[in-house]
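S.K.: What follows is a structure written as structure tokens; I'll ask about it next.
The values are calculated or read from the model by the stated rules, or taken from the named source; none is laboratory data. All of these numbers come straight from a predicted model, not from anything done at the bench. Every residue, glycine as well, gets a Cβ built from its backbone with ideal geometry; the counts of neighbours run over all protein chains shown. What goes into the accessible areas is simple: the full protein's heavy atoms, side chains included, and nothing from ligands, DNA or RNA. Shrake-Rupley method; radii C 1.70, N 1.55, O 1.52, S 1.80 Å.
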Amino acid sequence: MAKDGITTRAKDYSQWYLDIVDKAELSEWSPVRGCMVIKPHGYALWELIQQGLDQRIKDTGHQNAYFPLFIPQSFLLREAEHVEGFAPEVALVTHAGGELLAEPLVVRPTSETIIGVTFAKWVHSWRDLPLLINQWANVVRWELRPRPFLRSVEFLWQEGHTVHVDEADAERETLMILKDVYADFVEKVMALPVLRGRKTESEKFPGALRTYSIEAMMQDGKALQAGTSHNLGQNFARSFDIMYTAPDNQQVYGWTTSWGASTRLIGALIMAHSDDDGLVLPPLLAPIQVVVVPIYKTDSERADVLAAVERLTTGWKGRFRFKVDDRSNLTPGFRFSEWEVKGVPIRVEVGPKDVQKGTVAVARRDQPGKEGKRFIPQEGLNDHLEGLLLEIQQALYDRALRFRDEHTFTATTYDELKALVEQGFVRCYFAGGDEEEARIKEETKATVRVIPFDQPEAEGRCIVTGQSTTRQVVFAKSY
RNA sequence: CGGGGAGUAGCGCAGUUGGUAGCGCACAGCGUUUGGGACGCUGGGGUCGCAGGUUCGAAUCCUGUCUCCCCGACCA
């Protein structure tokens, strides 16, 4: 194990994560503290994430647009909670064109405010609604402790912004995005099961009425928020005068939502599936799904093998994302390892013996070593690979789900919570508010990740206050 | 920003009373190799994080500063 200088998960989980990012060539730090260079392999992951989300966002009726990177500082000040929430992590441009600016410009930490000002101009009538807009953008938040993908000063994301006629429609949008866009994508494409639910008051987005999120479990038992969706109520509409004329000719404020998913998803992908040998990618998200490694000694073997590879891969374009690695200066073993570190789901080896016997060796990344490697007939290879990709996709999801189940507990007392939250998610009755949450965070480092949508029928006793409640929450440490 | 550790070749490191920088990997060339990280020979590559100071002389001692990693407070 632990080839190529990858620290094992058991020894140091944080270092393992950094090693994977490094060895799989996903990103590296830039000369600017906290800002990362996303390398081609990492960016290819992001492009596939973008495609999957963009498709779903458009399929649900949204259009893409683009808003400016710079926001007049005064815009941010208009929504009280919003300013307070983002003030500490905002980067400010004070000089430009060689002069002091009359009004400093904020580098967007998120775009509610500038989009709010724009939407006020776009919305006139109830017939203009719902207004359904999304943008793909970079944002900047001056984080104190950056980590690649999980917390970088600049990161890439999509942020959806919508306006609706009433609260019910805004709420429908907020939940639809969470379930049909985010949860669907993360579970089906990233092979990562998520909890869906609502955030508590203290965890919600600054300026939101209600915040919802999906939460995934990493291999160290910690939670990672994989997508978040906010019903902003009329807070931003009031601050930015987003008003429309209703059918009864009354001027009324619209109801807005916003929702986002970021390059942090790449961090989730790494921490959920990868192992001590390197990255492990779900086939649907793998930039290279199948790598073919030709093996040969002599020139005549080389010719035979490459001819077989040429024949076998005919028709793969459009069917598989694949690569033929015929670098002759590297031994097969070296090439095997390299693609394992990079997480390629399937490796096909073609050697002289295969040419003779009409076989190939097929190794699956999710089962390292010998047990994941089989010799199979060349006949019917394409169908076999197609089936295997789906099988691996499912196997990764199942494995992640099993892991989450095994690390999810219920607690009936605060002492149980304290002990169990060290190992994963803890579900329990909880009737407390901000104060109780703050105290628990202080004492255990864990927070309420989500109030799951699926709630029990029966009442239970709050683990802190002891009062009777029907509300269960999930506590966990988080990224 | 608080506590701990570290900055010497692309990467990982050595460099002990201060005396003018070395090893492994990687890289380049040639040859032999190739079913789980091949080998030989030859070669290129450094203002020792940066700025001051002490000294005849500093990678080494002193001061300041920057960056990275780990742990805390904040977060997609």
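S.K.: Kirkwood hydrodynamic radius for segment A:3-273: how many Å is it when counted over pairs of different Cα atoms? Mind showing how you got there, number by number?
M.R.: Details: mean 1/r = 0.0509 Å⁻¹.
Its Kirkwood hydrodynamic radius stands at 19.6 Å.
S.K.: Considering only protein heavy atoms and a 1.4 Å probe, what is the carbon-and-sulfur percentage of the accessible area of segment A:288-390? Please report the intermediate quantities before stating the final value.
M.R.: Numbers: 2840 of 5400 Å².
It is 53 percent, rounded to a whole number.
S.K.: Percent of accessible area on segment A:120-161 owned by carbon and sulfur, 1.4 Å probe? All intermediate terms of the calculation are to be shown ahead of the outcome.
M.R.: Numbers: 1070 of 1930 Å².
Solvent-exposed carbon and sulfur of segment A:120-161 make up 56 percent of the total.
S.K.: Right, something else. When N counts the residues of segment A:138-206, how does its alpha-carbon radius of gyration compare numerically with 2.2 N^0.38 Å, as a ratio?
M.R.: Working: Rg = 14.8 Å, N = 69, 2.2 N^0.38 = 11.0 Å.
My calculation over the Cα atoms of segment A:138-206 gives 1.35.
S.K.: Eight or more residues apart or on different chains, and alpha-carbon atoms under 21 Å: count the Lys pairs in segment A:1-67 matching that.
M.R.: Lysine pair count for segment A:1-67: 4.
S.K.: To the nearest Å, what is the center-to-center distance of segment A:251-297 and segment A:116-132, using C-alpha atoms only?
M.R.: Taking the Cα centre of each part, segment A:251-297 and segment A:116-132 sit 34 Å apart.
S.K.: Please work out the average accessible area per residue across segment A:331-458, using the 1.4 Å probe convention, and give it in Å².
M.R.: In whole numbers, segment A:331-458 has 51 Å² accessible per residue.
S.K.: So how much slack lies between A:ALA419 and A:THR94, counting 0.36 nm per residue of separation and subtracting their Cα-Cα distance, in nm?
M.R.: On the way: separation 325, 0.36 × 325 = 117.00 nm, distance 4.89 nm.
Additional length available on full extension: 112.1 nm.
S.K.: Based on Cα coordinates alone, diagonalise the gyration tensor for chain A, multiply each eigenvalue by 5, take square roots, and list the semi-axes in whole Å, largest first.
M.R.: Result for chain A: semi-axes of 44, 28, 22 Å.
S.K.: Sticking with this structure for a sec: Treating cross-link reach as a plain straight distance, find the lysines whose alpha-carbon is under 20 Å from the alpha-carbon of A:LYS418, omitting any fewer than eight places away in the same chain.
M.R.: In chain and number order, the partners are A:LYS222, A:LYS441, A:LYS445, A:LYS477.
S.K.: Okay, moving on. Where only protein heavy atoms count, and the probe is 1.4 Å, what is the accessible area per residue for segment A:118-200 in Å²? Mind showing how you got there, number by number?
M.R.: On the way: 3140 Å² over 83 residues.
Computed with neighbouring chains in place, this is 38 Å² per residue.
S.K.: Over the Cα atoms of segment A:288-390, what Rg and Dmax result, in angstrom?
M.R.: 12.6, 37
S.K.: Rg and Dmax of segment A:408-476, using alpha carbons, in Å: what are they?
M.R.: Just the Cα atoms of segment A:408-476 yield Rg and Dmax of 10.7, 31 Å.
S.K.: If R0 is 45 Å, what FRET efficiency do you get for A:ALA80 and A:GLU25 from their C-beta distance, rounded to 0.05?
M.R.: After rounding, the FRET efficiency stands at 0.55.
S.K.: Suppose a student asked you for the relative contact order of segment A:3-273, using Cα pairs under 8 Å spaced at least 6 residues apart; what percent would you report?
M.R.: Relative contact order here is 19 percent.
S.K.: What are the chymotrypsin sites (Phe, Trp or Tyr not before Pro) within segment A:380-474 that DSSP puts in a loop, where the Cβ has at most 13 other Cβ atoms within 10 Å?
M.R.: A:PHE453
S.K.: Expressed as a rounded percentage, what relative contact order does segment A:288-390 have, with Cα pairs under 8 Å and six or more residues apart?
M.R.: The value is 30 percent.
S.K.: Just to be sure I understand: of the beta bridges DSSP finds with both ends in segment A:288-390, what percent are antiparallel, rounded to 5?
M.R.: Percent antiparallel among DSSP bridges in segment A:288-390 is about 55.
S.K.: Roll a 1.4 angstrom probe over the protein heavy atoms and tell me the percent of accessible area of segment A:408-476 that is carbon or sulfur.
M.R.: On segment A:408-476, the fraction of accessible area on carbon and sulfur atoms equals 46 percent.
S.K.: From the phi of every residue in segment A:78-92, what ³J(HN,Hα) in whole Hz does the Karplus formula 6.51 cos²θ - 1.76 cosθ + 1.60 yield, where θ is phi - 60° and glycine or proline is x?
M.R.: 6, 10, 4, 5, 4, 4, 4, x, 9, 3, x, 10, 8, 9, 10
S.K.: If you fit an axis through the alpha-carbon atoms of helix A:13-23 and take the longest principal axis of the Cα set of chain A, what angle between them do you get, 0 to 90°, nearest 10?
M.R.: Result, in degrees: 60.
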